[in-house]
Amino acid sequence: FAQDRPLVEALRREGGGAYEERVGAFGQVLGGEPLEWGRLANEHPPQLRTHDRYGERIDEIDFHPAWHSLLRLGLEAQVQSLPWVDEKTGAHVARAALFMLLGQVEAGVGCPLSMTFASVPALRVQPDLADEWIPRLTSGDALCGMAMTERQGGSDVRANETTARRSGETWELDGNKWFCSAPMSDVFLVLAQAPGGLSCFLVERPQPGFRIERLKDKLGNRSNASAEIRLEGAEARLVGEEGLGIRTIIEMVVHTRLDCVLGSTALMRRAVAEATHHAAHRAAFGRLLVDQPLMANVLADLCVESEAATLTALRLGRAFDEGDHAFRRLATAVAKFWICKRTPPLVAEALECLGGNGYVEESQLPRLFRESPLNSIWEGAGNVNALDVLRAVGREPESVAAFLTEVELAAGADARLDRAIVELKDELADTDEVELRARRLVERLALALQGSLLVRYGDPAVADAFCASRLGGGGGVFGTLPRGLELGAIVERHRPQLGG
Ligand SMILES: Cc1cc2nc3c(=O)[nH]c(=O)nc-3n(C[C@H](O)[C@H](O)[C@H](O)COP(=O)(O)OP(=O)(O)OC[C@H]3O[C@@H](n4cnc5c(N)ncnc54)[C@H](O)[C@@H]3O)c2cc1C
């Protein structure tokens, strides 16, 4: 943690300073044996056991002990609960830092921790269920998952076919869910079609009506179990109003989207730490890689991206602390799109900085690379996210106003940023073929926000490099920063100082 200067500075600035010691201690712990646990948990992915020796269905999942150790670490650090149990200001910002530290070591356990964390605000709409489950979820005694996606549609959840029918005081659900991560959880929020429309239900496990059919064979995120499940008369209780399922579960999704931003920022940081460290110790053609001008350009460009993501992530954390719904609404969607999209090319480039070694499993870069596209897919894939930004822009003008107010706090500080803000406003005002242009608009929103944050709070050399490249019509690949920037200083700021 202490090595990640942008993160330390952002934690203090955004209101999490009271937690600095605690976050630092967590970072210390993670830098030891847990690094090895991350590798082990991925090399020994979870296995589904459907039946016991007598042929009875059990649907249990065996995880490697390293997975359990990592999950326990996260739970003990209250990654699933800090802002819900600690009244101190800055708890969201501090939790963001904790989540990002854990995510640098292993992303897989982030999924159940995130869903458990995010279920709490959704459950609050149903006081009896909230009283029953929130204490268990926040104390680490229980985990919560979510099941929305079906085979015929994940983005378009209105097409869900799982049905819900009343059965006395409770409901019975029937149907299939094509993706259900952390299926060993104790409880799930599930969308199903009730007579009054798509509704959100709480389903407990284990129960005979909840079958785990199969675990997915995934590109990455292999330590975490993601399943196909079948509900056969599964007992369920309604959360919120019948027919308002999306409105209910969206409270959960807002928070898991925040965690996608944090998770991708964590992957960026780990990749940058690995690349800068390697280049500072590896020589080619008689000079350290880090001292070769072209490599310095690549590394500095990666550092700029990582710092921009870190500042954005913790600024978002503050918006959650402050209950700033207007800013949070648009900024979360923008950041989820942009930071998650920037992560795979950044990790690929960092991997290449290690040369052939980066392509080999021992370096851990392949694991990061496989993980890197995921945050852009779940919780709303890229296009769906971009369309959500359009929805916010079109229907919630207060979110645009709050976003622009934040961006314009840096007005006048950098001519390139000022120009970008003017262009952004032109883009926002143009309603012609807006769906076709959605990604372009989100990109401009993201760059304006990141530029504003960096100009105000970032390292001056990093801010200069960001404005000169991202706001100055830079190239499409990393390593195309223009001349005249302090590349060496940027890399040194981000390079882990491990006594050498
Ligand atoms: C590892 C993993 C774990 C997961 N865990 C869970 C879980 O625990 N619970 C859960 O409910 N889901 C889970 N999911 C599912 C995930 O949320 C969905 O895959 C995702 O929402 C996309 O839905 P889909 O796969 O049906 O793709 P589709 O909805 O078919 O989308 C395919 C593509 O079309 C694009 N698209 C869709 N609509 C439009 C449009 N109008 N205009 C332009 N482009 C569009 C999308 O952006 C996407 O790129 C998981 C997925 C993965 C990969």
(request) Two decimals is fine: what's Rg over Rh for the stretch 144-244, C-alpha atoms, Kirkwood radius as Rh? (result) 0.96
(message) Once you order the gyration tensor axes a ≥ b ≥ c over the Cα atoms, which shape class does the stretch 405-500 get: rounded for a/c under 1.5, otherwise prolate or oblate by comparing a/b with b/c?
(response) prolate
(request) Leaving ligands, DNA and RNA out of it, work out the accessible area of Thr149 with a 1.4 Å probe and give it in Å² to the nearest 10. (result) 40
(message) Of Ser181, Leu262, Ala415, which is farthest towards the positive pole of the chain's charge dipole, taken about the Cα centre with +1 and -1 on the beta-carbons of Lys, Arg and Asp, Glu respectively?
(response) Ala415
(request) Using amide H atoms built 1.01 Å from N in the peptide plane, name the residues 5+ places from Thr149, or on other chains, whose amide H lies under 5 Å from its own. (result) Phe179
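Just flag the GluC sites (Glu not before Pro) in the stretch 132-171 sitting in loop per DSSP whose Cβ has no more than 10 other Cβ atoms within 10 Å.
Numbers: sites: Glu132, Glu150, Glu161, Glu169; in loops: Glu161, Glu169.
When the GluC sites (Glu not before Pro) of the stretch 132-171 are filtered for loop state and at most 10 Cβ neighbours within 10 Å, Glu169 remain.
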(request) Work out from phi, with θ = phi - 60° and the Karplus expression 6.51 cos²θ - 1.76 cosθ + 1.60, the ³J(HN,Hα) of each residue of the stretch 10-20, listed in order in whole Hz, and give x for Gly and Pro. (result) 5, 4, 5, 5, 8, x, x, x, 5, 9, 4
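Order the following by accessible area, largest value first: Arg136, Arg214, Arg456, Arg315. Probe radius 1.4 Å; ligands, DNA and RNA are ignored. Please report the intermediate quantities before stating the final value.
Numbers: Arg136 85, Arg214 125, Arg456 60, Arg315 10 Å².
Descending accessible area places them as Arg214, Arg136, Arg456, Arg315.
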(request) Looking at the stretch 144-244, send over the antiparallel percent of its DSSP beta bridges, to the nearest 5. (result) 85
(request) Convert each backbone phi in the stretch 183-196 into a coupling constant with the Karplus relation 6.51 cos²θ - 1.76 cosθ + 1.60 (shift: θ = phi - 60°), then list the ³J(HN,Hα) values in order as whole Hz, x for Gly and Pro. (result) x, 7, 4, 8, 7, 9, 9, 10, 8, 8, 7, 9, x, x
(request) Have a look at Gln193, Pro373, Ser155 and report the one farthest towards the positive end of the charge dipole of the chain, computed about the Cα centre with Cβ charges (Lys/Arg +1, Asp/Glu -1). (result) Pro373
(message) With only alpha-carbon atoms in the gyration tensor, what are the semi-axes of the equivalent ellipsoid for the stretch 216-332, in Å, largest first?
(response) 42, 22, 8
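Taking a quarter of the surface of the convex hull around the Cα atoms of the stretch 179-233, what do you get in nm²? Walk me through the numbers before you get to the answer.
On the way: hull surface 17.1 nm².
Average projection, Cα convex hull of the stretch 179-233: 4.3 nm².
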(request) Provide the FRET efficiency to the nearest 0.05 for the Leu288-Asp217 pair, computing r from the beta carbons and using R0 = 51 Å. (result) 0.80
(message) Using the crude model of +1 on Lys and Arg Cβ and -1 on Asp and Glu Cβ, and no other charge, please compute the dipole size for the stretch 248-494 relative to its Cα centre, in debye to 20.
(response) 280
(request) Starting at the first residue of the stretch 155-160, write each ³J(HN,Hα) from the Karplus equation 6.51 cos²θ - 1.76 cosθ + 1.60 with θ = phi - 60°, in whole Hz, x for Gly and Pro. (result) 5, 9, 6, 5, 7, 3
(request) Pop out the carbon and sulfur fraction of the accessible area of the chain as a percent, whole number, probe 1.4 Å. (result) 51
(message) List the trypsin sites (Lys or Arg not before Pro) within the stretch 1-64 that DSSP assigns to loop and that have no more than 14 neighbouring Cβ atoms inside 10 Å.
(response) Arg53
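Considering only protein heavy atoms, what per residue accessible area in square angstrom results for the chain with a 1.4 angstrom probe? Could you put the intermediate results ahead of the total?
Details: 20140 Å² over 500 residues.
Accessible area per residue, the chain: 40 Å².
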(message) Distance between the C-alpha centers of the stretch 360-415 and the stretch 466-500? Whole Å please.
(response) 21
(message) Around His494, under 12 Å between beta carbons, what's the net of Lys plus Arg minus Asp minus Glu among the other residues?
(response) -2
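Which of rounded, prolate or oblate describes the stretch 31-105 when judged by the alpha-carbon gyration tensor and an a/c cut-off of 1.5?
On the way: a/c = 4.09, a/b = 1.81, b/c = 2.26.
It is oblate, given that a/c is not under 1.5 and a/b is not larger than b/c.
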(message) Per-residue counts of other Cβ atoms within 10 Å, averaged by peptide: what ranking do you get for 280-290, 442-452, highest first?
(response) 442-452, 280-290
(message) Heavy atoms only, 1.4 Å probe, whole protein assembly: order Met115, Met184 by accessible area, highest first.
(response) Met184, Met115
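If you build the Cα gyration tensor of the chain and take the root of 5 times each eigenvalue, what three semi-axes come out, in whole angstrom, biggest first?
Details: eigenvalues 287, 148, 78 Å².
Calculated on Cα positions only, the semi-axes equal 38, 27, 20 Å.
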(request) Report the net charge of residues surrounding Phe117, where surrounding means a beta-carbon distance below 15 angstrom and charges are Lys +1, Arg +1, Asp -1, Glu -1. (result) -4
(request) List every residue whose amide H lies under 5 Å from the amide H of Ala225, counting only residues 5 or more places away in sequence or on a different chain, with H placed 1.01 Å from N in the peptide plane. (result) Ala182
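Considering only the other residues whose Cβ falls under 13 Å of the Cβ of Asn42, what net charge follows from Lys and Arg at +1 and Asp and Glu at -1?
Numbers: positive: Arg39, Lys218, Arg222, Arg367, Arg370; negative: Glu36, Glu43, Glu106, Glu361, Glu362, Glu371.
In short, -1.
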(request) Quick one: accessible surface of Cys303, probe radius 1.4 Å, all protein chains present, in square angstrom to the nearest 10. (result) 0
(request) Please report the Cα spread of the stretch 5-139 along all three principal axes, rounded to whole Å, starting with the longest. (result) 58, 42, 16
(request) Distance between Cα centroids, the stretch 73-103 to the stretch 1-43: provide it in whole Å. (result) 11
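The values are calculated or read from the model by the stated rules, or taken from the named source; none is laboratory data. Since this is a predicted model, take the numbers as computed values, not measurements. Neighbour counts run over all protein chains shown; Cβ positions are idealised from the backbone, glycine included. For accessibility, only protein heavy atoms count, side chains too; no ligands or nucleic acids. Shrake-Rupley method; radii C 1.70, N 1.55, O 1.52, S 1.80 Å.
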